[in-house]
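Below is one structure, written out as structure tokens; comments come after it.
What follows is calculated from the coordinates using simple rules that are stated; it is not laboratory data. Just so it is clear, the structure is predicted and the values come from calculations on it, not from any experiment. Heads up, the Cβs are rebuilt from the backbone with ideal geometry, glycines too, and the neighbour counts pull from every protein chain shown.
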Amino acid sequence: MTVSWSEPVEFVVPGSGDVKVRGPQDALDYLVILCPSDDGGAYHTCKTACSEAIDVVVSTETARQAFVVIVRDAGMGPKTSPSSF
């Protein structure tokens with residue numbers, strides 16, 4: 001079963017264009033791009049939250065919020081309206 005967020009997180013990857021991440025599995029895939037150095041606390045928080053959302057340990061919204069922090073920290077957005085955070 002694919003776990004999805006209620007609203008995707010949209011951002012721009014320089015050189016690649018617009019990206020729409022729809023759930024925690026997609027977010028885990030993009031963590032490699034957004035955090036090439038995986039030593040930060042936000043990275044670990046996001047990775048854990050996304051993995052646990054897939055395993056239904058935490059809410060998908062918790063994982064989404066953690067991913068939004070990563071996108072902001074990477075300076076790539078998000079393009080999604082702030083009211084959805």
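List of remarks:
- Just so you know, in the stretch 26-84 the residues that are within 25 Å of Met1 (Cβ to Cβ) and among the aromatic types (Phe, Trp, Tyr) include one that is nearest to the chain's Cα centre (by Cα), and it is Phe67.
- Answer from Val3, Val32 - the residue that is surrounded by fewer than 11 Cβ atoms within 10 Å (Cβ to Cβ) and not in a strand (DSSP E or B): Val32
- Residues located in the stretch 17-29, provided they are more than 15 Å from Val69 (Cβ to Cβ), touching a residue at least 12 places away in the same chain (Cβ under 8 Å) and outside any strand (DSSP E or B): Arg22, Gly23, Gln25
- Condition met for Ser37 (out of contact with any Pro (no Cβ under 8 Å at 6 or more places or on another chain), exposed (fewer than 13 other Cβ atoms within 10 Å of the Cβ) and not in a helix (DSSP H, G or I)): yes
- Residue match in the stretch 12-20 (condition: exposed (fewer than 14 other Cβ atoms within 10 Å of the Cβ) and hydrophobic (A, V, I, L, M, F, W, C)): no
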